[in-house]
1. Restricting attention to segment B:323-330, does a residue exist that is assigned by TED's automatic domain parsing to the domain that holds B:Gly483, crowded, with 23+ Cβ neighbours inside 10 Å and among the small types (Gly, Ala, Ser)?
2. Scan (1) crowded, with 17+ Cβ neighbours inside 10 Å; (2) of a type in the set (Ser, Thr, Tyr); (3) more than 25 Å from C:Val125 (Cβ to Cβ) for the single condition B:Ser107 breaks and write down its number.
3. Return the residue satisfying two criteria in turn: it lies in segment C:25-72 and is over 21 Å from A:Gly40 (Cβ atoms) and not in a loop (DSSP other than H, G, I, E, B), and of such residues it is nearest to the other protein chains (Cβ to nearest Cβ).
4. Condition (residue is part of a helix (DSSP H, G or I), under 36 Å from the mean Cα position of the chain (by Cα) and buried (at least 17 other Cβ atoms within 10 Å of the Cβ)) applied to segment B:51-60: is it met by at least one residue?
5. Counting only residues that are free of Cβ contacts under 8 Å to residues at least 12 places away in the same chain and within 18 Å of A:Pro70 (Cβ to Cβ), how many does segment A:1-41 have?
6. Taking segment B:108-157 on its own, how many of its residues are at positive phi and in contact (Cβ under 8 Å) with a residue 60 or more places away in the chain?
7. Kindly indicate which of B:Arg164, B:Arg189 is within 12 Å of another protein chain (Cβ to nearest Cβ) and surrounded by fewer than 19 Cβ atoms within 10 Å (Cβ to Cβ).
Amino acid sequence: MDWLDLLIRVALGLVVISVVMGVCMYSVLAERKVSAWIQGRVGPNRTSLPIIAAIPVVGRFLTRLGIFQPLADGGKFLFKEDVIPAHVNKIYFVLAPIIAFVPALVTISVVPFGQYFDAAGAVKTLILANVDVGLLFIFAFASLGVYALVLSGWASNSKYPFLGGVRASAQLVSYELAMGLAVLPVFIWINGPGASGSLSLVRIVEAQHNWWFVLTQPLSALVFVIALFAETNRLPFDMPESETDLVGGYHTEYSSFKFGFFFVGEYANMTVGACVITLVFFGGWHPLPGFDWIEVAGMTGWAWLATGIPGALIAFATFAAKVVFFLFFFIWVRWTVPRFRYDQVMSIGWRRLLPLAIANLIVCALGIAAIDRFL
Amino acid sequence: MSDQPKDDGLITINLDGRDVRCRPGANIVDVAASAGVEIPHYCYHPKLTVSGNCRMCLVEMGMPGRDRATGKPMTNPDGSPLIQWMPGPAIACGTKAAPGMHIRTTSDVVKKCREGVQEFLLINHPLDCPICDQAGECRLQEFATGYGKGYSRFEEQKNVKPKRTQLGPRVTLDDERCILCSRCIRFSREIAKDDVLGFTERGSYSTLTCYPGKKLENNYSLNTVDICPVGALTSTDFRFKMRVWFLKQTPSIDTETSTGCNTEVWSREGKIYRITPRQNDAVNDTWMPDSGRELYKQVEAPTRLKSFLVRGQAASTADAIREATTLLKSGSVAIVGSGRASVEEQWVLKKIATALGGASVRLVSRVGQGDDLLVSADRNPNVRGALVTGLISKLPEQKLTDLAADIDAGRVKTLLVHGEDLTAAGLTEAQLAKVQIVALATQADAITAKAAVVLAGLTVFEKFGSFVNQQFRLQKFVRAVPGPDGAADDLVLLASLLANLTGVSTASTVDTVWTSIAAEVPLLKGLSFQAIEPTGVVLDGSSFAGLPFVEGKSLRYDPAAVTAVKAG
Amino acid sequence: MAVGIKVLERKPLTWSERMYLPEIAAGLRRTWRLMWKPKVTIEYPEQRPPIPAGYRGAPTLVMDPNGREKCVSCQLCEFVCPPKAIRITPGEIPADSPHAHVEKAPQEFEIDMLRCIYCGLCQEVCPEEAIWLQTTYSITHTSRADFVHNKKKLYEMGGTLPDEHFKWDKKLAAEKHGNAH
């Protein structure tokens, strides 16, 4: 690896990070807009930029849509007073929001978001680091995020954040199991006898070029989605925050940009989660289930669409559309369903979801074994 | 009631079907009031003669029938006495209780009478209530609500009469509001003995007015405002100042003379608006002099002391007390107490005199012209208190010539002065320059200007305490408003001085001071501040009978009678 | 007194309800539909809400058509005001004023709008119909002191009441006319 290569990789990394940050910021806007629409309101529609807002129709449309709202939100976070209460443990208190933010950005590096055929006809994947343990890497780093919650709860030295942190860790442990068990059938499928073993996300997506796993293994997908909600601390599994009973949960004592870190970190986690579910169960960058896009394009004489730059664009667009849908789905569910009680969360995790995931694993394993044996 | 009533000189009358015991010849309005039955009235006043012109107190009256031929009591078939009711209603204020008399105050006839009288009174009464100072304590308002029809049938134009007439320096008259009860006329004639008011014109044009060329300017003129049942006579001083329903009433004592008129102080949010008499039939009936009603102005007077001073410089309470203590400890102290100070303050001052090794104590006498009514010759309200507590043993002099001699001779180096202006008491500038003065006062005067230490005290409206009046009647006053910032309770200041002088902590509130007073003063044995009745407690002043008190006869005090009783 | 209490049985959940997922789907369906409904938001500074009849906004003082301040400082509103927001300093109308026959007018009249609860009792109790609640609902100032509306401000806000009663003018006319005899 020479210096140029390293420079390109750093540049690519920065690009991806800024894109993810942008997605996070606009997720916040989407959260506010969608909640407003569901509740019969309008949502943010005032913030505007001087020149753009002056463009006749577009400017007004963008303003009404709240396109510039994230700028104002970010600016507000920057300029608000950053209170560090006297009773907190300062080092951990400052460390916690950073820890909340970093894992979300690290995991994005192993997420593939498209592919293309280079001039030689070889498949190239759009990914920062195509590691072989992809999903495991994501699970490992995403789980680190809970340290931020626990740490902030502990460092705040106050009741509500502490309870929020405890709940966060309990919830994460409970649902991690179900989540892991839910993706196992997928790996059993792609790592069938004869194939070299891999946990690469690219492999998973390639395995779905025809049929998506959500269609072949719907129960796994369901368990995974539910566990994902819990893992990203989204309603109805909003235990660590619980603003109705814990004031603000783990971030009660936080203000200004530190709070902003937690806030954006949550949406970064959500974005990664949306990417993972898209990749693992919803066919990644494959546009339609049931047939291979590239084969179909080749047969109809539209092969140029599936290769080269257009192919890369279509693949990325497909992937992005799915991610956006899942982001919307997260928000949609949040403003529809009330929060579970803490005991209900535990009950669902251990007494419903875990047995279901185990049963699913056994059935799938037997099914795959049967297919392997008899077909 | 037992079958055989005691022979206590009382008779039984029947009021609305219920037997009531009363004095024979008692006024039926009073009898009903003491039995808890209100008979509405305007012109009747218990302290004035009966004129019977408002007709509001109409009741039905009947006596047990007596057979003319035989003189035997007539009875109903069931044996009860037959009551012969008067064919028409009678005015209760003009009816005197007689044995067996029957009175109805709630019958339909009485109700109709009251409604009729009320309607006639309201015919020409202007709808001035929003701007009328009487609103809230107006009998016409109250009885219109309680006994009126509730609506008016009068469509013609109301009479026009003089409004905003200045009857005198302190009284404003609105004739349209007058209901011609003549209470003010009777008061001026009977109590104030200054017969200047009267009615002119006839019928509904009758107008209250002053005798031409005269004015209602005697020192009791504001009592006409108090007894006016409507807003015809109003106080010029209180006019449009504040509505009465905002005012808090606090019992107090008029400090201008030794009569000790009982008063009511009306204040709102720490500001006094007016002073009115409080009924005490043994002292001032329901009257008080006009001069006593203006005393509240001393509270916010421009000369009011609002900070402690040490040699002319503002100082903290602690510094001023410390400096005063140092001066007093330097020896050769003479004390000038005050006949205006309360019994409690005089008692603590006496303790200070004792603590200073028997420093001489003098009071300054103030003597004016008595008016045989409620202004007595002694203008100090509490000289007798000083006698009772033992602060002094003989009556004070007007000029402190012996003190002046002491200062000239160098026997007195330090003066503790409680609220007295010594220049008025005959001390010269040169004499005052020879002594160090500790002055406890409420108003800046010649003495506070010269004093080494000035302690800012409170007026009678801002503290608790008691006075002994000319009848040796111990009467208490209660705090109406808080004192200004920078001033402190005289009692607390004196107690602090005492504590500093003796090194022993002392009582500094009236209640706690009274425990030592009750224990150590023979005449006040067993009393406490709480135990002083609203109308006062009469002390046995016979041991002071030999002193040549200056007071003459007044409304409820006759020195000759007192002397005669003692002699007899 | 016996109040009828009806105990409602909580129905046991059906199997699909206990599964929870169908219910979530129903909820999502509902919120999806709500998302496309017209919005009820009134975008305030540009759009103003309709003021219903009998609306109680800021209390103000009014003049009569002859320019006489109707308030005679009877202080009934000050007395009745539940949060004690009103403070009146009564005063006498000078003898050279054309309204001298009314005798009394407020020297100062203050309503503390931070205390006012817009109950309207002041208007109800006023015997001179001098204090009226307007429809003004947006009272904004830059300091706490400004929120104490003084007499000048109150008359500015109140303006003139098109009143045809003229009680005091009739009284003045009768005074000029004198008695019939």
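1. The answer is yes, given that some residue of segment B:323-330 is assigned by TED's automatic domain parsing to the domain that holds B:Gly483, crowded, with 23+ Cβ neighbours inside 10 Å and among the small types (Gly, Ala, Ser).
2. The failed condition is (1).
3. C:Ala25
4. Initial filter on segment B:51-60 (part of a helix (DSSP H, G or I)): none.
No, every residue in segment B:51-60 fails to be part of a helix (DSSP H, G or I), under 36 Å from the mean Cα position of the chain (by Cα) and buried (at least 17 other Cβ atoms within 10 Å of the Cβ).
5. Here is the first cut: in segment A:1-41, the residues free of Cβ contacts under 8 Å to residues at least 12 places away in the same chain are A:1-8, A:10-11, A:14-15, A:18-19, A:22, A:36-37, A:40-41.
Imposing the further condition that a residue be within 18 Å of A:Pro70 (Cβ to Cβ) reduces the set to A:18-19, A:22, A:36-37.
Final tally of qualifying residues: 5.
6. Count: 1.
7. Testing whether each residue is within 12 Å of another protein chain (Cβ to nearest Cβ) and surrounded by fewer than 19 Cβ atoms within 10 Å (Cβ to Cβ) leaves just B:Arg164.
Listed here are the residues, each with its yes/no results for (1) facing chain B (nearest Cβ under 10 Å); (2) open to solvent by 60 Å² or more (accessible area, probe 1.4 Å); (3) in a loop (DSSP other than H, G, I, E, B); (4) more than 28 Å from C:Pro83 (Cβ to Cβ).
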{"position": "C:His141", "(1), (2), (3), (4)": "no, no, yes, no"}
{"position": "C:Asp146", "(1), (2), (3), (4)": "no, yes, no, no"}
{"position": "C:Tyr155", "(1), (2), (3), (4)": "no, no, no, no"}
{"position": "C:Glu164", "(1), (2), (3), (4)": "no, yes, yes, yes"}
{"position": "C:Lys170", "(1), (2), (3), (4)": "yes, yes, no, yes"}
{"position": "C:Ala174", "(1), (2), (3), (4)": "yes, no, no, yes"}
{"position": "C:Asn179", "(1), (2), (3), (4)": "yes, no, yes, yes"}
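The values are calculated or read from the model by the stated rules, or taken from the named source; none is laboratory data. Treat the numbers as computed from the prediction; the structure is a model and nothing was measured. Glycine also receives a Cβ, built like all others from the backbone with ideal geometry; neighbour counts cover every protein chain displayed. Heads up: the accessible areas ignore ligands, DNA and RNA and are worked out on the full protein's heavy atoms, side chains in. Shrake-Rupley method; radii C 1.70, N 1.55, O 1.52, S 1.80 Å.
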